[in-house]
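What follows draws every value from the coordinates through simple rules; no lab data is involved. Because the structure is predicted, anything quoted here is derived from the model rather than measured. A quick note on method: Cβ atoms are made from the backbone with ideal geometry, for glycine too, and the neighbour counts reach across all protein chains shown.
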Amino acid sequence: MKCKICGNRAVIKLRAHNISLCEEHLIEFIERRVERTIKEFRLINKDEKILVPVSGGKDSLNTLFILNALGYMVEGLHINLGIGKYSEESQKKTENFASRYNLKIHILQVKEILGYSTPEAAKKLRRPACSVCGLVKRYLFNKFAYENNFQVVATGHNLDDEAATLLSNILNWQEGYIIRQNIKMDSTHPKLVKKVKPLALISERESAAYALIRGFDYIREECPFAQGATSIQIKNSLNMLEEESPGTKLRFYKGFLKQNIIKREEKEIKLKECKICGYPTTRDICTFCTMRERLGSKID
Ligand code: SF4
Ligand code: ZN
Ligand code: ZN
């Protein structure tokens with residue numbers, strides 16, 4: 001198997017793109033694709049300050065690294081969730097990565113903010129850990145970005161994540177979620193920072209190959225609370241379709257983005273400001289502050 005660009009030994013065959021590539025040209029291929037995605041969907045500009053939520057996993061490290069390599073003003077934010085060894089390891093990998101590549105990383109500790117780690121808070125609130133975790137991360141990434149003058153939050157969602165979410169939402173006709181799923185979510189309130197997904201057209205396998213070839217030391221263990229059967233089943237089903245017909249995931253997700261099947265603007269929700277923290281919400285008190293009140297955490 002030879003690289004289609006230079007003829008040297010290829011290390012990967014990308015059937016969705018009908019191309020085999022050597023290490024050097026895979027790196028170039030991925031970075032160019034990210035750059036093209038950014039331009040095609042007008043995700044970010046060179047004069048915007050971008051915050052990348054960094055978990056320590058391959059996709060978030062790739063996002064931070066590639067945006068920096070493409071010349072964007074980028075910094076990372078790692079939230080330590082307080083999930084035992086998994087969180088310790090994630091923070092360590094994130095910090096090592098940042099110092100190795102001279103990238104700026106900010107660290108927040110959930111335990112310091114809530115007075116409880118994520119699993120402790122979930123237990124006290126009798127809610128699933130992932131629902132508390134999702135709420136805390138969404139709120140803190142936006143708040144940190146707004147307070148530190150970032151104009152964009154760029155997450156590391158890859159094509160497999162996006163295609164699986166889309167398929168799951170369609171299978172269950174979750175209209176509200178389908179409307180809100182996009183590669184770019186513009187700010188609809190002065191305190192709501194724009195969100196983009198620059199890796200949304202890069203598959204899981206391509207992202208893993210990129211991190212591997214670059215020699216990134218990322219966290220490979222799954223969070224102990226990682227979602228079970230359903231999302232894995234959906235990803236497996238998509239992989240089966242992809243195997244039969246390469247490019248299925250890309251066609252499915254790109255078709256959704258391009259055709260703009262749902263008129264998003266018609267469904268825009270009116271936001272007000274939370275009476276406690278002032279951040280946008282559809283209620284009088286936002287879900288984050290409600291949670292803090294229930295936990296008895298001090299409000300700063
Ligand atoms: Fe948070 Fe759940 Fe993801 Fe773990 S699996 S990081 S608890 S959302
Ligand atoms: Zn090559
Ligand atoms: Zn609030």
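Seen from Leu103, the other residues with C-beta closer than 11 Å to its C-beta sum to a net charge of 0, counting Lys and Arg as +1 and Asp and Glu as -1. Since only Asn158, Gly57, Asn182 are under comparison, the one whose Cα sits farthest along the positive direction of the charge dipole of the chain, derived from C-beta charges on Lys, Arg, Asp and Glu, is Asn182. Ratio of alpha-carbon Rg to the 2.2 N^0.38 Å globular estimate for the chain, to two decimals, please. This ratio for the chain stands at 1.02.
Are there GluC sites (Glu not before Pro) in the range 35-104 that DSSP puts in a loop and that have at most 16 other Cβ atoms within 10 Å, and which ones?
Hits after loop and neighbour filter: Glu48.
For trypsin sites (Lys or Arg not before Pro), the sites in the range 12-83 that DSSP calls loop and that have at most 16 other Cβ atoms within 10 Å are Arg42, Lys46. For Arg100 and Thr282, the difference between the fully extended length at 0.36 nm per residue and the C-alpha to C-alpha distance is 61.3 nm. Around Ser245, under 15 Å between beta carbons, what's the net of Lys plus Arg minus Asp minus Glu among the other residues? Neighbour charge sum, excluding Ser245 itself: +1. Computed from the Cβ-Cβ distance with R0 of 25 Å, the FRET efficiency linking Gln174 to Asn149 stands at 0.15.
Straight Cα distances below 18 angstrom link Lys4 to the lysines Lys13, with same-chain residues fewer than 8 positions distant left out. For the range 66-153, applying the loop criterion from DSSP together with a ceiling of 16 other beta carbons within 10 Å to the trypsin sites (Lys or Arg not before Pro) yields Lys104, Arg126. Globularity index of the range 70-204 is 1.14 (Cα radius of gyration / 2.2 N^0.38 Å, N = number of residues).
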